[in-house]
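The values are calculated or read from the model by the stated rules, or taken from the named source; none is laboratory data. All values reported here derive from a predicted model rather than from experimental measurement. For neighbour counting, all protein chains shown are included, and Cβ atoms are generated from backbone atoms with ideal geometry for every residue, glycine included. Note: accessible area is taken over every heavy atom of the protein model, side chains too, but ligands, DNA and RNA are not part of it. Shrake-Rupley method; radii C 1.70, N 1.55, O 1.52, S 1.80 Å.
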Amino acid sequence: NDSIVQGLQEASRQIRGTPSTTKYGRGTFDAGGLTSNNIPAVMFGASGGRGGILGEDFVCLREVIEEAKTLGLTIMNRVG
């Protein structure tokens with residue numbers, strides 16, 4: 001129900017035609033430092049790493065472009 005998540009979902013709907021998948025991962029990744037200090041954090045972005053940590057990691061350029069558009073729209077919608 002967080003406003004940032006809702007904003008990302010709405011922007012994703014506008015850019016991609018569907019909301020982004022919401023997951024509550026058990027790992028910390030980049031948000032771990034923030035959340036361990038009770039600072040809310042959201043991780044959002046193109047999916048990559050399909051090859052595993054030692055395999056071929058990649059991100060589809062289409063996903064990177066959609067990510068940039070979604071983030072830009074989310075920011076514009078928040079700040080006007």
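Before moving on, here are some points about what is shown:
- Test: residue in segment 21-38 that is among the aliphatic types (A, V, I, L, M), at pLDDT below 90 and either open to solvent by 50 Å² or more (accessible area, probe 1.4 Å) or touching a strand residue (DSSP E or B) at 6+ places or on another chain (Cβ under 6 Å) (or both): yes
- Here ILE53 meets each of (1) within 13 Å of the chain's Cα centre (by Cα); (2) open to solvent by 100 Å² or more (accessible area, probe 1.4 Å); (3) at pLDDT below 80 with one exception, condition (1).
- Residue check for ILE75: surrounded by fewer than 10 Cβ atoms within 10 Å (Cβ to Cβ), of a type in the set (A, V, I, L, M, F, W, C) and either modelled with pLDDT under 95 or farther than 15 Å from ARG16 by Cβ (or both): no
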